[in-house]
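Beneath this line is the structure, given in structure tokens, with notes to follow.
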Amino acid sequence: MSKALLPVDRLVVALDVPSAGEALALARKLSGRIGMLKVGLELFCAEGPAFVRELQSLAPVFLDLKFHDIPTTVKRALEAVLTLNPRLVNVHAQGGPAMLEAAAGAVRAHRERGGTTELLAVTVLTSLDREALARLGSTAEPGDMALHLSRLAMTCGADGVVCSALEARAIRDACGENFRLLTPGIRPRGVSVQDQARVLTPAQALEEGATWLVVGRPITQAPDPIAAAEAILLEMAGS
Ligand code: C5P
């Protein structure tokens, strides 16, 4: 399924800017040249659903709100945002099987009513290294836990996961061709890695089996965001 997507459909731009004005100005520039716009907690909390509707007139939206609560609360929160019919929503896989099943049930019901949203699960935050996991009481390696949680998310009905491109190959092999893998931590050739520690180029991420690539600052902070997005699309097409 993921193989049928054009490069432009697979490029997701993280709108990590503080205001609707800045986000909409960027979105207007990038509209038609990218597949999706990612709205995170900061922007959603500041600007809310009306802003998302405006953004959706420019490109499909990934609502990156990473819900993590008891199953009923997550289901109801999802039902509230699904009225926007975002292209993607997500929850934390570490919310557990009942929560994942409740989330998948809400998204499935939405699709049965004609909605087009897909559900991703966040496996292990990349801010959690081995030592942080140990302090949380787990002896697992982050990569092993990400693989384990990906299998769980698939079993519970998620359409895919958010993962590091460095973990994508193992998850793709374990979860199959139709499972969606959305990978941040992408840096085009020759561009600063900034605060990202473990990055791959767009072409490498696709080779590792990523479905969607999330790119933020290399596009949003470029002097010419349109040229930056087009250069990334060329790298993706050449993979
Ligand atoms: O600017 P940059 O390309 O680093 O932005 C990447 C985006 O992906 C940001 O919104 C960041 O929060 C998000 N992200 C990430 N690593 C993760 C999960 C999400 O960089 N593991």
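If you go through the range 1-41 and keep only what is of a type in the set (Val, Ile, Thr), within 11 Å of Leu213 (Cα to Cα) and open to solvent by 10 Å² or more (accessible area, probe 1.4 Å), you end up with Val8, Ile34. All of Arg198, Arg172, Arg187 fail the test of being over 16 Å from Gly35 (Cα atoms), open to solvent by less than 20 Å² (accessible area, probe 1.4 Å), charged (D, E, K, R) and modelled with pLDDT under 95, apart from Arg187.
Would the range 59-72 turn up any residue that is without any contact (Cβ under 8 Å) to a residue 12 or more places away in the chain and either surrounded by fewer than 21 Cβ atoms within 10 Å (Cβ to Cβ) or part of a helix (DSSP H, G or I) (or both)?
Looking through the range 59-72, none of the residues is without any contact (Cβ under 8 Å) to a residue 12 or more places away in the chain and either surrounded by fewer than 21 Cβ atoms within 10 Å (Cβ to Cβ) or part of a helix (DSSP H, G or I) (or both).
Right, Val89: in contact (Cβ under 8 Å) with a residue 24 or more places away in the chain, touching a Ser or Thr at 6+ places or on another chain (Cβ under 7 Å) and in a strand (DSSP E or B) or not? In short, yes. Just name the residue that is most open to solvent (accessible area, probe 1.4 Å) out of those in the range 207-219 that are more than 10 Å from the ligand (Cβ to nearest atom) and closer than 21 Å to Leu125 by Cα. So the residue we want is Glu208.
Can you tell me which residue within the range 20-51, out of those that are more than 16 Å from the ligand (Cβ to nearest atom) and in contact with a Leu (Cβ under 8 Å, 6 or more places away or on another chain), is nearest to Thr83 (Cα to Cα)? For the range 20-51, the residue satisfying everything is Pro49. Of all residues in the range 113-125, those being farther than 22 Å from Ile171 by Cα and either in contact (Cβ under 8 Å) with a residue 40 or more places away in the chain or open to solvent by 20 Å² or more (accessible area, probe 1.4 Å) (or both) number 3.
Yes/no matrix, rows are residues, columns are (1) aliphatic (A, V, I, L, M); (2) farther than 19 Å from Gly115 by Cβ:
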| site | (1), (2) |
| --- | --- |
| Asp16 | no, yes |
| Glu22 | no, yes |
| Ala27 | yes, yes |
| Leu41 | yes, yes |
| Pro60 | no, no |
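A single member of Leu152, Leu128 is open to solvent by 10 Å² or more (accessible area, probe 1.4 Å) and without any contact (Cβ under 8 Å) to a residue 40 or more places away in the chain, and it is Leu128.
For Leu166, the conditions (1) of a type outside the set (Phe, Trp, Tyr); (2) away from the ligand (no atom under 11 Å from the Cβ); (3) surrounded by fewer than 20 Cβ atoms within 10 Å (Cβ to Cβ) all hold with the exception of (2).
Could you say whether any residue in the range 208-216 is in contact with a Leu (Cβ under 9 Å, 6 or more places away or on another chain), acidic (Asp, Glu) and either within 25 Å of Gly160 (Cα to Cα) or without any contact (Cβ under 8 Å) to a residue 12 or more places away in the chain (or both)? Quick ask: steps written out before the conclusion?
First, pick out the residues of the range 208-216 that are in contact with a Leu (Cβ under 9 Å, 6 or more places away or on another chain): 208-216.
With the extra rule that they be acidic (Asp, Glu), the set shrinks to 208.
With the extra rule that they be either within 25 Å of Gly160 (Cα to Cα) or without any contact (Cβ under 8 Å) to a residue 12 or more places away in the chain (or both), the set shrinks to 208.
Yes - at least one qualifying residue is present in the range 208-216.
The values are calculated or read from the model by the stated rules, or taken from the named source; none is laboratory data. Bear in mind the structure is a predicted one, so any value in this text is a computation, not a measurement. Please note: Cβ atoms are built from the backbone with ideal geometry, for glycine as well, and neighbour counts cover all protein chains shown. All accessible areas refer to the heavy atoms of the entire protein, side chains included, with ligands and DNA or RNA removed. Shrake-Rupley method; radii C 1.70, N 1.55, O 1.52, S 1.80 Å.
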